[in-house]
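The values are calculated or read from the model by the stated rules, or taken from the named source; none is laboratory data. Because the structure is a prediction, the values reported are computed rather than measured. So basically every Cβ, Gly included, is an ideal-geometry build from the backbone, and we count neighbours across all protein chains shown. Only protein heavy atoms, including side chains, enter the accessible area calculation; ligands, DNA and RNA are left aside. Shrake-Rupley method; radii C 1.70, N 1.55, O 1.52, S 1.80 Å.
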Amino acid sequence: MIALIVAIWPRDDGTGTGPDATAPSVSGPNATDAQVGDAQLAQARRDAALEPCPVTGQPVGPQSVLAGVTVPCLADGRPYDVGAGTAGKPMLVNMWAVWCLPCRRELPEVAAYAQRAGDKVTVLAVHAQEGAQNPYMALQFLTENDVHLPSVLDTDARVAAALGAPRVFPSTILVRPDGTVAKVLPQVFENPDQIADAVQQYLGVAT
């Protein structure tokens, strides 16, 4: 696989909320731009075995910040309405990228938390705009890390803009059942217990 771009991660102050991580430039070609054929991409989807993007069947709240935000679902490549699909349930959104080294450490912990939370909390992984145009790289990354979370590609940064997500990766955003943002957490979670504590504190859901 093409070598992953190393993320700059300036978090030396011990708070876990240091200055914004620097994303790869989108002005020229980089490692995440390389494309593959349809057959190779289809095989990568099968290998990744991602959970399908969620569909709660609940109505979208009038205050939902994600209403009408449509992005590609990584599991099948189809357009996915994030607001409609996740409506009516508390949600944890994890913003990540293939070039983010801390994401490699955190995503398996987020996946473990999703298993623990079950149907109490929707957990959605969102690949940041930089690199989102290459689903193959994202699929390879998740396969290598044995992460099967439902995932979308924020190709136009619409999800990040709607949620007010910072350009720090990884970041976690907690969303209320009505689709409003409860808390933005630009930090690295080390284990599912830390995630559960944040969900309890800001969403009032015990998991």
Flag for residue 170 being in contact (Cβ under 8 Å) with a residue 40 or more places away in the chain and under 21 Å from residue 118 (Cβ atoms): no
Checking 117, 87, 67, 128 in turn, the sole residue that is touching a Gly at 6+ places or on another chain (Cβ under 7 Å), open to solvent by less than 20 Å² (accessible area, probe 1.4 Å), at pLDDT 95 or above and of a type in the set (Gly, Ala, Ser) turns out to be 87
Taking residue 153 as the residue in question, decide whether it is hydrophobic (A, V, I, L, M, F, W, C) and touching a Cys at 6+ places or on another chain (Cβ under 9 Å). yes
For the stretch 104-112, does any single residue satisfy the condition of being among the charged types (D, E, K, R), farther than 27 Å from residue 68 by Cβ, open to solvent by less than 10 Å² (accessible area, probe 1.4 Å) and more than 10 Å from the chain's Cα centre (by Cα)? yes
Check on residue 157, open to solvent by 10 Å² or more (accessible area, probe 1.4 Å), without any contact (Cβ under 8 Å) to a residue 60 or more places away in the chain and within 17 Å of residue 171 (Cα to Cα): yes
